[in-house]
Amino acid sequence: KNFTYISTPEAFPNAMWAFKKLAGFKRLTVLIPAEFLAAVPKLEQAMKQVAGVLDVDLTVAKVEERTAASALAAIPKDAQAGLIGVLVSFTGTEWRGLIDGINARKLPSFSFVGRREVEEGILAGFTSGLELSRRARRVGLNVQRILLGEKAEDMHVIVSSHERILINM
């Protein structure tokens with residue numbers, strides 16, 4: 001009743017489909033913060049359901065610490081590709097270490113967060129009208145609407161994004 005959020009439910013299925021088409025993997029690891037999975041309890045099950053439809057063996061690697069070493073250690077040795085979840089809490093040094101570690105293992109990588117990740121070394125990713133900074137502004141505008149008297153429960157939470165794939169050439 002007093003809660004609002006924004007959601008793009010098509011983002012993960014679209015990202016997985018595009019990435020599989022691009023890299024042709026069978027075993028995919030998704031790196032995602034443990035606290036994110038704890039906040040959305042059915043997320044892992046939903047991701048595995050999408051993977052099943054695409055005939056992909058999915059490992060969800062829960063990143064407990066905000067370090068490149070812990071994230072890289074969570075990727076199984078037999079992984080063929082890595083999808084980078086919303087790891088916005090990584091610092092510049094740790095982020096750089098993660099990208100370098102993934103690339104050193106010659107794992108194709110994909111980010112559905114935005115352009116910056118591809119520019120910094122991820123193989124491919126989506127860009128859309130809902131980059132993280134735009135999502136943050138959207139949340140800020142929702143908070144303003146609540147402060148002006150609009151009920152949180154009446155706000156639309158599903159937003160569509162129009163992804164374009166970016167490839168690191």
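The values are calculated or read from the model by the stated rules, or taken from the named source; none is laboratory data. Quick caveat: nothing in here was measured; it's all calculated off a predicted structure. So basically every Cβ, Gly included, is an ideal-geometry build from the backbone, and we count neighbours across all protein chains shown. The accessibility values were calculated without ligands, DNA or RNA, using every heavy atom of the protein model including side chains. Shrake-Rupley method; radii C 1.70, N 1.55, O 1.52, S 1.80 Å.
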Open item on the list: So for the range 39-46 (the condition being among the basic types (K, R), out of contact with any Phe, Trp or Tyr (no Cβ under 7 Å at 6 or more places or on another chain) and under 24 Å from T127 (Cβ atoms)), does at least one residue qualify?
Closed with: no
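What residue, of L28, L22, is more than 30 Å from N142 (Cβ to Cβ) and open to solvent by less than 50 Å² (accessible area, probe 1.4 Å)?
Details: L22 fails: open to solvent by less than 50 Å² (accessible area, probe 1.4 Å).
After ruling out the rest, the residue left standing is L28.
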TODO: Could you please find all residues in the range 39-69 being out of contact with any helix residue (DSSP H, G or I) (no Cβ under 9 Å at 6 or more places or on another chain), in a helix (DSSP H, G or I) and at pLDDT 90 or above?
DONE: Q45, K48, Q49, G52
TODO: Look through the range 143-163, keep the residues that are surrounded by 12 or more Cβ atoms within 10 Å (Cβ to Cβ) and modelled with pLDDT under 85, and return whichever of them is nearest to N14 (Cα to Cα).
DONE: E163
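Can you tell me which of I99, I32 is at negative phi and either touching a residue at least 40 places away in the same chain (Cβ under 8 Å) or among the charged types (D, E, K, R) (or both)? Walk me through how you get there before you give the answer.
On the way: I99 fails: either touching a residue at least 40 places away in the same chain (Cβ under 8 Å) or among the charged types (D, E, K, R) (or both).
Within the list I99, I32, the selection yields I32.
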Task: Residue list for the range 62-78, filter: in contact with a Pro (Cβ under 9 Å, 6 or more places away or on another chain) and either open to solvent by 90 Å² or more (accessible area, probe 1.4 Å) or of a type in the set (S, T, N, Q) (or both) - done: K62, E64, R66
- [ ] Being open to solvent by 20 Å² or more (accessible area, probe 1.4 Å), outside any helix (DSSP H, G or I) and over 13 Å from S109 (Cα atoms) narrows it down to one of F3, F12, so name that one.
- [x] F3
